[in-house]
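Visitor: The structure follows.
The values are calculated or read from the model by the stated rules, or taken from the named source; none is laboratory data. All of these numbers come straight from a predicted model, not from anything done at the bench. Positions of Cβ are backbone-derived with ideal geometry, glycine not excepted, and every protein chain shown enters the neighbour counts. Protein only, heavy atoms only, side chains kept; ligands, DNA and RNA dropped before computing areas. Shrake-Rupley method; radii C 1.70, N 1.55, O 1.52, S 1.80 Å.
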Amino acid sequence: MGKEEEDAWVVMKTARAPSNIAVIKYWGKRDEKLILPINSSISVTLDPEHLSATTTVAASPAFERDRLWLNGKEVSVEGERYRNCLREMRARATDVVIESSGKVITKEVWSTLHIHIASENNFPTAAGLASSAAGFACLVYSLAQLMNVKEKYEGELTAIARLGSGSACRSLYGGFVKWNMGQEADGKDSIATQLAEQSHWEDLVIIIAVVSSRQKETSSTSGMQESVKTSPLLKYRAEEMVPKRIGQMEKAIKSMDFAEFARITCADSNQFHATCLDTSPPIFYLNDSSRRLIGLVERWNRHAGEPQVAYTFDAGPNAVMFAKNKEVAVQLLKRLLYQFPPSAEADLSRYVLGDQSVLKSAGVTSLEDIDSLSAPAEFAGVINLPRIPGEIDYLICTSAGKGASVLDGQIASLLDPATGLLVKNE
Ligand SMILES: Nc1ncnc2c1ncn2[C@@H]1O[C@H](COP(=O)(O)OP(=O)(O)OP(=O)(O)O)[C@@H](O)[C@H]1O
Ligand SMILES: C[C@@](O)(CCOP(=O)(O)OP(=O)(O)O)CC(=O)O
């Protein structure tokens, strides 16, 4: 075989990984390089149909360097986080047989091969919807498929995804996931484990209010660095509060105790944002719209006498709300549409995204239907509740979902199988 023919093969894999939302927040590192947290955290994996990254990874002797295309644009893969994930995955590669020729790619060959990566998010990148979590979980998972990496201990892949972005370690698994902070200096025990499958608590419905899809001012990475340096409240939170809350949250999830789940989720989100405010200079992730969303939920919960909905906010103004069940989700959507109607020129099908069954059950099929929604009972007598059309960009109705999975054969790869270059979708 001539050199050119020998170099002609391309192997590739495509996978999808979900985003996740923390109900006990990770905020602060004890090791910046290894991304080791100062407290454990718990998250709910979001349905990949609505919030996920899809990634194709390819290897070929013809590739001259590692390359990455993110949402259709080539970006640098030289950043430390990408390099660390690639290095750890290459070190674990095992024999792979190329189907067409029967040739074996050995561990030694893997160490010489360059990788092409193309990834797309089905939701806005860097808007506080954990795109880095979905992205790095998907990168590690797809590389594991491509390079036939077998975990030596459970959670080994989550520890590698953690090197890309801390919260990414929780996105490999579905349902309810815990990231154990771990104790060891090398981070081997700082891994994610699944607490329960998504099917364990099927009643929960999730509605996300996207307040702004613009990029935020303070990234999570630098925000938490500043908080660790300057916030006394963060130290108290990590040492005293979170350990207790982790145990309580695990119990609430196990027993599907919504009242307890809601109480801890809201309290932990509020405490996380309090530590941001306690940082010097203070960091503001919530805005007026976020606060109005908190008001809507708090007022309703108080009026109902027990929690119907829980809210949580990551490092951005978007609200992630958990409704106790489908009926409550329908009531929540109606309330959201009442207080935050779309702008007059909006298209309803672009205002409520994701699972359309909640909108259908709410009986809302047009903007006129939204105009004629009546005020919820708990709004009576409350002043200063303007209905500002267009205050929220859009809503996503979703639920807890499954973890990372292979997509080969189900969708076209993002890289051309012959050249390993980006497939342009004009
Ligand atoms: N699909 C992807 N594949 C690989 N890397 C990705 C992907 N999506 C996002 N990233 C990386 O994550 C970065 C965005 O991370 P950032 O933490 O700023 O935002 P976020 O994850 O959306 O928000 P947050 O983590 O605060 O919820 C991108 O600049 C890119 O480096
Ligand atoms: C507020 C959070 O979303 C913070 C997430 O931080 P990242 O995982 O994005 O930070 P790095 O580890 O520096 O990449 C809370 C959480 O997801 O637990």
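Visitor: For the stretch 255-321, what is the largest minus smallest coordinate of the Cα atoms on each principal axis, given in angstrom and ordered from greatest to least?
Guide: 38, 25, 16
Visitor: With the Cα gyration tensor of the stretch 368-411 in hand, give its eigenvalues times 5 under a square root as the equivalent ellipsoid semi-axes, listed largest first in whole angstrom.
Guide: Semi-axes from the Cα gyration tensor: 39, 14, 11 Å.
Visitor: Separate question: In the stretch 205-398, how many lysine pairs have Cα atoms under 16 Å apart, counting only pairs 8 or more places apart or on different chains?
Guide: Total qualifying Lys-Lys pairs in the stretch 205-398 comes to 7.
Visitor: In the full protein assembly as shown, how much of Leu139 is accessible to a 1.4 Å probe, in Å² to the nearest 10?
Guide: So the heavy atoms of Leu139 present about 10 Å² to solvent.
Visitor: Turning to a different aspect of this structure: Rounded to two decimal places and with Rh computed the Kirkwood way over Cα pairs, what is Rg over Rh for the chain?
Guide: So for the chain, dividing Rg by the Kirkwood Rh gives 1.00.
Visitor: How much solvent-accessible surface does Cys397 expose, in Å² to the nearest 10, with a 1.4 Å probe and all protein chains in place?
Guide: 0 Å²
Visitor: Further, regarding this structure: Residue by residue through the stretch 158-174, what is 3J(HN,Hα) from phi via Karplus (6.51 cos²θ - 1.76 cosθ + 1.60, θ = phi - 60°)? Round to whole Hz and write x for glycine and proline.
Guide: 5, 5, 6, 4, 4, 5, x, 6, x, 5, 5, 5, 7, 8, 7, 9, x
Visitor: Something else about it: How large is the accessible surface per residue of the stretch 381-426, computed with a 1.4 Å probe and reported in Å² as a whole number?
Guide: Roughly 57 Å² per residue, with all protein chains present.
Visitor: Same structure, new question: Treating the angle as unsigned and between 0 and 90°, give the value, to the nearest 10°, between the Cα long axis of helix 242-255 and the longest Cα principal axis of the chain.
Guide: 80 degrees
Visitor: Another one. Can you give the accessible area per residue of the stretch 3-198, in Å², using a 1.4 Å probe?
Guide: 38 Å²
Visitor: Within the stretch 127-191, which GluC sites (Glu not before Pro) sit in a loop by DSSP and count at most 11 neighbouring Cβ atoms inside 10 Å?
Guide: Passing both the DSSP loop test and the Cβ count: Glu154, Glu184.
Visitor: Just the number, please: carbon plus sulfur as a percent of the accessible area of the chain, 1.4 Å probe, no ligands or DNA/RNA counted.
Guide: So the carbon and sulfur contribution to the accessible surface is 51 percent.
Visitor: Compute the FRET efficiency between Glu184 and Arg302 as 1/(1 + (r/R0)^6), taking r as their Cβ-Cβ distance and R0 = 56 Å, and round to the nearest 0.05.
Guide: My answer for the efficiency is 0.80.
Visitor: Per DSSP H run of n ≥ 4, the term is -39500 (n - 2.57); total these for the chain, divide by its residue number, and report the mean residue ellipticity at 222 nm rounded to 500 deg cm²/dmol.
Guide: Dividing the helical sum by the residues of the chain leaves -9500 deg cm²/dmol.
Visitor: Then there is this: On average over all directions, what projected area in square nanometres does the stretch 205-398 have, based on the convex hull of its Cα atoms?
Guide: For the Cα atoms of the stretch 205-398, the hull's average projected area reads 11.7 nm².
Visitor: Can you pull the accessible area of Glu306 for me, 1.4 Å probe, Å² to the nearest 10?
Guide: 90 Å²
Visitor: What does the charge count near Gln198 come to, summing +1 for each Lys or Arg and -1 for each Asp or Glu among other residues with Cβ under 11 Å from its Cβ?
Guide: Neighbourhood net charge equals -2.
Visitor: How high is the relative contact order of the chain, in percent, counting Cα pairs under 8 Å that sit 6 or more residues apart?
Guide: It rounds to 23 percent for the chain.
Visitor: Tell me, how many Å apart are the Cα centres for the stretch 348-384 and for the stretch 184-214?
Guide: So the separation of the two Cα centres works out to 28 Å.
Visitor: In square nanometres and to one decimal, what's the mean projected area of the convex hull around the Cα atoms of the stretch 3-198?
Guide: 11.2 nm²
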